[in-house]
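Working notes for the structure below.
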Amino acid sequence: MSKSKNKSAKSTITYKDSGVDIDEGNKFISDINYITKSTSNEGSIGELGGFGGLFDLKKCGFIDPILVSSTDGVGTKLKLAIETKSYFNLGIDLVAMCANDVLAQGARPLFFMDYYATGKLDKSVALEVIKGITEGCIQSGCALIGGETAEMPGHYKKNDFDIAGFCVGAVERQNIFNRNSVVKGDCVIGLSSSGVHSNGYSLIRKILEVNCINIFERCEFDKINNLADILMKPTLLYTKAFLEATKNNKVKSISHITGGGLIDNPPRAFNKNLTLKFDMKNFELPPLFKWLKEKANISLFELAKTFNCGIGFLIFVDRKDAEAMINDINKIGYNAFLIGSIIENDLNKNVVFDGWNF
C-alpha cells in the first residue's frame, strides 16, 4: 500500500511583504527632486539619488576654509507636530537647529542633508516635511544635497516617524570665532526668538498633560491664536542677521540659545574667568514664557535653564560697535537689542541676571 506525502508549498516572501516598498521609496525621491532644486547654491553639484551628496567648496569663493558641521533633531516637539499635523514647520525647525549652530562657530551654512525614518512611508506627510526642510534651506542659504528615507516596520508605531538633520558650513581660517577675544566691557546683543523654538518640549508636554490643556482651543494669553499654532511656530533662522553682523568682521563670538537656555549656552562663547551680566530690568518676558512658568510652577532660574525666554541668539561685540550693529540687524527684519555686558567673574557664576530675582 503506497503512502501519500503531504507537501506544503513554500510561499514567496518579498521585501515588500515585510513592509518595505523600495519602488515607492524610489518614486518618492523622484517626486521631491523638483522641490530640492530650489535650494541650489553656487556649490551645488548633481541631483538626489546618488550614494552621497556632492558640493564644490571652491565655487563658493573660499580661500583658506575650515569646515564646520552640526547635527541635530527637533526633540519631542515631533510628538506635538504629529498631533497637530504641523509637518511643514517641523522641517524648518530641523534646518534651523543645525544651521544656527553652524553660525555660532562663525561659519556660513552651505549644505544640508536629512534623515527621515518611519514604519511605513506616508508620502503626503514626508512631502510636507521635505517642503519645510526646503524652506529652511532657502532661509539659511543652504543647498539640500541629499538625505535618507528609511522604512522600518515594527520599529515605529503607526503614524510615528523621526527626523534628523546634518548641516555643513565653512569659515575662512582667519575669521573663526575665538572665545578669548571676548573681554571685560564687551556688549552682548540679543535677538528675539520666534517662540520656544525646538527645546523644552518634554516639559511643555508634561504641562499640557498635568493641566489637561486642549492645545486646539484659544489660550489664556493670546486672543487670536490657539496654543497649537503658538507652540508649533518654527525656529527662527538667523543666517541673514549673522551675515549682516559679520560683514565688517566686528563680531567676537555668538551663542545660539538651545537646550540649557540662557544659563548653559552663553558661557560656551567666552572664557570661564568672565561673566555675562544680563540686564533684564527693561526686558519684558514674552507672555508664552510667563504662561509656561505659571503652569509649571517653576522659578525664573528653572525657566531660564530650560527655555530661551524670548532670546534665541546672542552676539558678543566691542561696545563701540554695538549700536551700529543693532541698527543694521533691525533694518533687515530682526528684533535686536542690547541685553547685557561682560564683567569679571562674579561669585564663580558665568551668567548673572540684573533685574530678575531668582
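From the list 285, 292, which residue is in the same structural domain as residue 226 (by TED's automatic domain parsing) and within 21 Å of the chain's Cα centre (by Cα)? I'd like the intermediate steps shown before the answer.
Numbers: 285 fails: within 21 Å of the chain's Cα centre (by Cα).
From the options 285, 292, the qualifying one is 292.
Of the residues making up the range 213-231, one or more are in contact with an Asp or Glu (Cβ under 8 Å, 6 or more places away or on another chain) and surrounded by 21 or more Cβ atoms within 10 Å (Cβ to Cβ).
Just name the residue that is surrounded by the most Cβ atoms within 10 Å (Cβ to Cβ) out of those in the range 115-144 that are under 16 Å from residue 38 (Cα atoms) and charged (D, E, K, R). So the residue we want is 135. Across the range 47-57, which residue is modelled with the lowest pLDDT among those that are touching a Gly at 6+ places or on another chain (Cβ under 8 Å) and farther than 21 Å from residue 132 by Cα? Across the range 47-57, the extreme among qualifying residues is 50.
Are any residues in the range 176-200 surrounded by 15 or more Cβ atoms within 10 Å (Cβ to Cβ) and closer than 30 Å to residue 54 by Cβ, and if so, which ones? Give the derivation first.
Filtering the range 176-200 down to residues surrounded by 15 or more Cβ atoms within 10 Å (Cβ to Cβ) leaves 177, 179, 182, 186-200.
Within the range 176-200, 177, 198 meet the criteria.
So that you can scan it fast, the table gives a plain yes or no per residue for (1) touching a strand residue (DSSP E or B) at 6+ places or on another chain (Cβ under 6 Å); (2) modelled with pLDDT of 95 or more:
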{"site": "240", "(1), (2)": "no, yes"}
{"site": "278", "(1), (2)": "yes, yes"}
{"site": "287", "(1), (2)": "no, yes"}
{"site": "304", "(1), (2)": "no, yes"}
{"site": "316", "(1), (2)": "yes, yes"}
{"site": "331", "(1), (2)": "no, yes"}
{"site": "345", "(1), (2)": "yes, no"}
{"site": "351", "(1), (2)": "yes, yes"}
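Looking only at the range 202-210, decide whether some residue is at pLDDT 95 or above, farther than 30 Å from residue 329 by Cα, outside any loop (DSSP other than H, G, I, E, B) and hydroxyl-bearing (Ser, Thr, Tyr). Yes, the range 202-210 has at least one match. Among the residues of the range 150-166, those identified as in a strand (DSSP E or B) and either of a type in the set (Asp, Glu) or within 15 Å of the chain's Cα centre (by Cα) (or both) are 151, 162, 163, 164, 165, 166. Contact map, the range 192-205: residues that are in contact (Cβ under 8 Å) with a residue 60 or more places away in the chain and closer than 13 Å to residue 81 by Cβ paired with residues that are assigned to a helix (DSSP H, G or I) and aromatic (Phe, Trp, Tyr), Cβ distance under 9 Å, separation 6+ or inter-chain. Pairs shown: 196/289. Residue 267 falls short on exactly one of the conditions (1) more than 24 Å from residue 75 (Cα to Cα); (2) touching a residue at least 60 places away in the same chain (Cβ under 8 Å), and that condition is (1).
Residues of the range 306-328 that are surrounded by 16 or more Cβ atoms within 10 Å (Cβ to Cβ) and more than 18 Å from residue 197 (Cβ to Cβ): 316, 317, 318, 321, 322, 325, 326, 328.
Identify the residue in the range 80-112 that is of a type in the set (D, E, K, R) and touching a Cys at 6+ places or on another chain (Cβ under 9 Å) and, among all such residues, is surrounded by the fewest Cβ atoms within 10 Å (Cβ to Cβ). Spell out how you get there, then give the answer.
From the range 80-112, those of a type in the set (D, E, K, R) are 83, 85, 93, 101, 108; that's our starting set.
When the remaining residues are screened for being touching a Cys at 6+ places or on another chain (Cβ under 9 Å), the result is 101, 108.
Values: 101: 21, 108: 23.
Only one residue tops the list, namely 101.
The values are calculated or read from the model by the stated rules, or taken from the named source; none is laboratory data. Because the structure is predicted, anything quoted here is derived from the model rather than measured. Cβ atoms come from the backbone with ideal geometry, glycine included; neighbour counts cover every protein chain shown.
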